[in-house]
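Every number here is computed from the coordinates shown, using simple stated rules; none is lab data. Please read all numbers here as calculations on a predicted model, not as lab measurements. Here the Cβ positions follow ideal geometry from the backbone for every residue, glycine too, while neighbour counts run over all protein chains shown.
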Amino acid sequence: MKIKITGNVGEHDVNLDVDLPEEALQQFFSQLSIKPSEATVSPLVRSRPEAKTSELAESLDFIKKQIKVSQYQLIDHLADLGLEDSEIKRAIMWLNHHADIHVETQTKGPHSQYHIFHWQPTE
């Protein structure tokens, strides 16, 4: 489950996305001085942007054909097509919020994590 935390701490703005399993999220709220019912909860908005750029169109097409793709497979595929690093990063950012893509985060060691993109079209 993903939640977005916004507000202020003193004179500093807070804008934080937290992605935790529901059990961990309950533990998270239990450690705060506010209860989830006191917080303003708004769902994460997932969108289906039109693939106006080649990097998003190619990414979606590749994931749709493969059903499940690691971040590294996608990077290799897009690089083989001649896309630049900035275009690849932009495509990955869009995929993280795309309605038809489920993103799974894999962790290997304390400082290494990567994404697995799953094709899961929504209605």
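For the pair Asn8 and Ala79, what calculated FRET efficiency results from E = 1/(1 + (r/R0)^6), where r is the Cβ-Cβ distance and R0 = 41 Å, to the nearest 0.05?
Numbers: r = 41 Å, r/R0 = 1.01.
Calculated transfer efficiency: 0.50.
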Exercise for review: Quick one: grab the alpha carbon gyration tensor of segment 73-123, order the square roots of its eigenvalues as a ≥ b ≥ c, and give me rounded if a/c is under 1.5, else prolate or oblate depending on whether a/b is larger than b/c.
Suggested key: oblate
Point to revise | Simple spin-label estimate for Asp17 and Gln120 in nanometres, 7 Å along Cα-Cβ | key: 1.6
Study note, to complete from the structure: Scalar couplings 3J(HN,Hα) for segment 90-101 by Karplus 6.51 cos²θ - 1.76 cosθ + 1.60 (θ = phi - 60°), nearest whole Hz, x for Gly and Pro, are 5, 4, 5, 4, 5, 5, 4, 10, 7, 5, 8, 10
Revision key, fill the gap. The FRET efficiency for Asp61 and Gln27, from their Cβ-Cβ distance with R0 = 30 Å and rounded to 0.05, is 0.15
Study note, to complete from the structure: Under the Karplus relation with 6.51, -1.76 and 1.60 and θ = phi - 60°, whole-Hz ³J(HN,Hα) for segment 13-27, x at Gly and Pro, equal 6, 10, 9, 10, 9, 10, 10, 9, x, 4, 4, 5, 5, 4, 5
